[in-house]
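The structure appears below as structure tokens.
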There are 2 protein chains.
Amino acid sequence: MSAAESAVETIQREMTIFARRARASAGRMHPELSLVSYTLLGHLEERDGCRATDLAAHYALDKSTVSRQVAALERAGLVERRVDPEDHRVQVLHLTDAGREILAQVTDSRRAAFRERLADWPQEDLVRFAAYLERYNAGPGGTGSD
Amino acid sequence: MSAAESAVETIQREMTIFARRARASAGRMHPELSLVSYTLLGHLEERDGCRATDLAAHYALDKSTVSRQVAALERAGLVERRVDPEDHRVQVLHLTDAGREILAQVTDSRRAAFRERLADWPQEDLVRFAAYLERYNAGPGGTGSD
DNA sequence: CGTTCTAGTTGTATAGTACAACTTGAGTGA
DNA sequence: TCACTCAAGTTGTACTATACAACTAGAACG
């Protein structure tokens, strides 16, 4: 096997390990906000509100899954639903102030954890690693882990 | 914000994106072998057999989780348990031929996906990216995404 | 020996997910 | 206008992955 092929295999394996760990630890780190909830909240902030169907499509989740996630987030007071006056089937989801606050908090704490984990990395390596990750995620979608 | 801090933030964001995408797609790609099972099988092949406890420690899984996963894999005929003659508490897990075959199949298909995604990367970058990921995952546990 | 440690299993509970059946509202063609 | 079809969400149900706690069985060491 060439060095490139073996590197691809390593990348595949390590990304897989990371994905599994991320999910497991997200729950422990932030019992109030699972990785999915965090992601959905982030999406709502980014888009400044959207429909449940959009979330389902964007994250390849079943609409029932999104429905229950949103219901939980609403129960927790982190999002609110506003019925679209144009189409009464549609509920436009918005972050509440509390939701915005928790999202910011979790983002901070996640960032702190990453920072600690990467504390002894030389800056040059951090920058290069970050660039590789961006390049990977920005790459042609659909075939990798998308 | 320093370049190092901004790099940390990028790493956090991109890793999160990756994790979310991987989670969404892992199950759909290989219905016959979950992400966890695949990872465990891969570990067994790499180490040429190991104990359930080692798997649990290495992947930060509860021993009960590993126990059930292994039981399922054994039921499927993909691994076999050999009681350690030195210590009868220990079961050394080994891939069966069927396990090796399925692992190879799934690895091929996953590798193809990754290879396609990484097709236009210079080998030098692949090797460095792989090294960074290994280093990240091997890093001090508990705080990042471990 | 008995105590304590280790490897693994089993009981129980929870979260996240999918699929299917349903409800409600919107659009559309005769 | 009315019936039919399509779209957005909800709810019933089932399954998987997971953790934690309680347990069994074997080993190690005094």
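Read-outs throughout are calculated quantities, based only on the coordinates presented, and are distinct from any laboratory measurement. Since the model is a prediction, treat every value here as computed from it, not as a measurement. Cβ sites come from the backbone with ideal geometry, for glycine too, and all protein chains shown count toward neighbours.
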* Structure fact -> Within the stretch B:54-113, DSSP-loop GluC sites (Glu not before Pro) with at most 13 other C-beta atoms within 10 Å are B:Glu86
* Structure fact -> The set of residues whose placed amide H lies less than 5 Å from the amide H of A:Arg51, leaving out same-chain residues fewer than 5 positions away, is A:Leu93
* Charge context of A:Val83, other residues only, Cβ under 15 angstrom, K/R +1, D/E -1 -> -1
* Where does the stretch A:53-120 land on Rg/Rh, using Cα atoms and the Kirkwood Rh? -> 1.12
* Obtain the radius of gyration and the Kirkwood radius of chain A from its C-alpha atoms and give Rg over Rh. => 1.04
* Report, as an integer, the average count of C-beta atoms from other chains found within 10 Å of each Cβ along B:95-108. => 0
* What does the average come to when, for each residue of peptide B:56-67, you count the partner chain Cβ atoms lying within 10 Å of its Cβ? -> 1
* Structure fact -> In deg cm²/dmol, rounded to the nearest 500, the helical mean residue ellipticity at 222 nm of chain A, built from -39500 (n - 2.57) for every DSSP H run of length 4 or more, is -22500 deg cm²/dmol
* Highest-first arrangement of A:50-61, B:58-69, where packing means the average Cβ count within 10 Å -> A:50-61, B:58-69
* Hey, what do the phi angles of the stretch A:37-53 turn into as Karplus ³J(HN,Hα) couplings, whole Hz, using 6.51/-1.76/1.60 and θ = phi - 60°, x for Gly and Pro? -> 4, 4, 5, 5, 4, x, 5, 4, 5, 4, 8, 6, x, 6, 8, 4, 4
* To do: Quick one: with label points 7 Å out along Cα→Cβ, list the inter-copy distances for A:Glu45 in nm, shortest first?
  => 4.0
